[in-house]
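Asker: The structure is given below, and queries will be raised subsequently.
Since every read-out is calculated from the coordinates, none of them should be taken as a lab result. Note that the coordinates shown come from a computational prediction; the quantities given were computed from them, not determined experimentally. All Cβ positions, glycine included, derive from the backbone under ideal geometry; neighbour counts span all protein chains shown.
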């Protein structure tokens, strides 16, 4: 299995060849790749920008059915298939609802969590409404579970969460905002009981608080605990039922949510809380007694990795943990379950293995595998038997065309290690040095890249570019110290980490530092704009996809949406400027105010329906660059959100990016100019 290399290295001119020889032996099996004609930008965009043909594959609780999303030949379907009968049982056309998650809640119903743009009565414009639909496996009927205005507050989104199901599997319990009247502008987040057979007119079973985050149930619709963050008083609270009221068992004053309830122990006596261990700096879990809020045992986790998520069932019972890392790793609490999962992961050595779903008895697992031999494949795993291939996510991408990816630690100017993923183009397999390069910082910024299939990185590598993805300070997954080192460092040390990583690999001989462009989305788009406005001369061009350009404007818009006292505002204030700042401070690290310094072409891409980063951010940057007479192109994507979830628009965006890079990373003089519509 691949391991990150962390030992110090002596950089010499021979480093590039030693690097490949030591870490990429598979490359030498394809020395003829460089001689083959390179595919066109349009072909690469169609190949890598397309949505996966098969995705979200899940197994039913009894292990007899699988369900998956199928996007092919203009059709977008959810399909339920019988493994025993080897035939399709039912399905639904989901072109209009665009599901982003699906799972069985029992053997008869499949839930689809989806988002759609819609207008709401009495509200201006359109809203991005996420909600859940239930597909009846026997009848094929698809029904929306919660509808704004149907016994719940009209102006809300985020209606896809299910907190639990009843013992007879007929009812689901879902949080939603409920007002005291139709005109109540301060609704409370209550718990609704929804009949799967007749979901209209859901009933309120627990009246919540306006700041309720989640509910934890006993398996039959009875609430055991409620998690709240009071934005007005910056207080995190866990409370439990007490007669006809509630009793607080835990309170913490904090302006940012630093812990979160994620589930229950199997005996339902304890709430499992994820938080950072002050001694190790790692995310661990705590068992909190539901009787009195005391912490039952020492915090549980690892010193070398954060707990990234928990493995839990529909009622919130936690079976195990997933740890952070460039490839995921797992720990199940029951030995026989842990053995099954570890056996599944070990059978795909050298690959990233994601646990997708499992049967109730854990005799069947569905895993999703990405890595050197696949752009994404689903397998059915049974203990002691060979893994059974179920479906490929991207059949149009052949294994021998995948660019290899490795991790190496770069070093920042202050000595901090910056783990970096390198994706090597096969065209340079025989002589991996002085390669044209794409700097690809991730979004977030408090997240990190992984070694699974990355459609952007692979598309760039297929176009002949080395791709660098530094996990700059502020990235999650590497412990609290790495995150905290990024506090207040937007546009400063976080950006220096990108600059220093580029210099590190250029000195090693891998990067042609005269042919580098920076491309990023969301925070990565901000970093791309900072890169060409505050370090002019470093990059030949920049691409910002749904990126931020004006930090004052971003925070003002977030305040108008969430309110001044919302914890998200406090988080961004800490992240961007470490809590203490003026408008002048934010203006100084906003690329829109440095348009005059930009010397190279810029491509701006933005989804018109982006509700995370407003399209106004790219509009404003475009105007600033135009006013300064700079080379800039702006592509606005119709009916697209922050995550480029539409196949057509994603392919269109990628085609523009590849054409733009081709214009600006050739060996000739810089070329910018307009791109085709």
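Asker: Decide, for segment 49-205, between rounded, prolate and oblate: order the square roots of the alpha carbon gyration tensor eigenvalues as a ≥ b ≥ c, take rounded if a/c falls under 1.5, and otherwise choose prolate if a/b is larger than b/c, else oblate. Display every interim value, and only then the final one.
Answerer: Working: a/c = 2.73, a/b = 1.48, b/c = 1.84.
Note, shape of segment 49-205 comes out oblate.
Asker: As I understand it, the value is the acute angle between the Cα axis of helix 493-507 and the longest principal axis of the Cα atoms of the chain; what does it come to in degrees, rounded to 10?
Answerer: Orientation of helix 493-507: about 50 degrees from the principal axis.
Asker: Can you pull the Kirkwood radius for segment 245-394, inverse mean 1/r over Cα pairs, to one decimal in Å?
Answerer: 17.0
Asker: Pairing the Cα long axis of helix 567-577 with the longest principal axis of the chain, what angle in degrees results, from 0 to 90 and rounded to the nearest 10?
Answerer: Approximately 20 degrees, to the nearest ten.
Asker: How far, in degrees from 0 to 90, does helix 523-534 lean away from the longest principal axis of the Cα atoms of the chain, to the nearest 10?
Answerer: On a 0 to 90 degree scale, this one is about 30.
Asker: If a/c stays under 1.5 just call it rounded; otherwise compare a/b with b/c (prolate if a/b is bigger, oblate if not). Do that for segment 532-638, with a ≥ b ≥ c from the square roots of the Cα gyration tensor eigenvalues. Spell out each step's value before the answer.
Answerer: Numbers: a/c = 2.41, a/b = 1.45, b/c = 1.66.
Here segment 532-638 falls in the oblate category.
Asker: Then there's this: Testing the spin-label approximation: label points 7 Å from Cα along Cα→Cβ at residue 203 and residue 298. State their distance in nm.
Answerer: 4.8
Asker: Evaluate the relative contact order of segment 410-560 (contact order divided by residue number), counting alpha-carbon pairs under 8 angstrom at least 6 apart; express in whole percent.
Answerer: 26
Asker: How much length, in nm to one decimal, is gained on full extension between residue 336 and residue 248, taken as 0.36 nm per residue of separation minus their Cα-Cα distance? Walk me through the intermediate numbers first.
Answerer: Numbers: separation 88, 0.36 × 88 = 31.68 nm, distance 3.72 nm.
Result: 28.0 nm gained on full extension.
Asker: Would you list 215, 109 from fewest to most Cβ contacts within 10 Å?
Answerer: Placing the least packed residue first, the sequence is 109, 215.
Asker: Right, another one. Please report the relative contact order for the chain, taking Cα pairs under 8 Å with a sequence separation of at least 6, and give it as a percent rounded to a whole number.
Answerer: Value for the chain: 10 percent.
Asker: With r defined as the distance between the Cβ atoms of residue 312 and residue 583 and R0 fixed at 30 Å, what FRET efficiency is calculated, to the nearest 0.05?
Answerer: Values: r = 43 Å, r/R0 = 1.44.
That gives a FRET efficiency of 0.10.
Asker: What does the extension gain come out to for residue 289 and residue 88, with contour length at 0.36 nm per residue minus their alpha carbon separation?
Answerer: Taking 0.36 nm per residue and subtracting the Cα distance, the gain is 67.8 nm.
Asker: What list do you get for 181, 40 if you sort them by fewest beta carbons within 10 Å?
Answerer: Numbers: 181 7, 40 14.
Lowest count first: 181, 40.
Asker: So what is the calculated 222 nm ellipticity per residue for the chain, using -39500 (n - 2.57) for each DSSP H run with n of 4 or more, over all residues, to the nearest 500 deg cm²/dmol?
Answerer: Theoretical 222 nm ellipticity from helices: -5500 deg cm²/dmol.
Asker: I would also like to ask the following. May I ask you to sort 232, 69 by Cβ crowding, counting other Cβ atoms within 10 Å and putting the fewest first?
Answerer: By the 10 Å Cβ count, ascending: 232, 69.
Asker: Which entry in (1) 43, 39, 22; (2) 40, 30, 26; (3) 59, 27, 20 matches semi-axes √(5λ) of the Cα gyration tensor in Å derived from the coordinates of this structure?
Answerer: (2)
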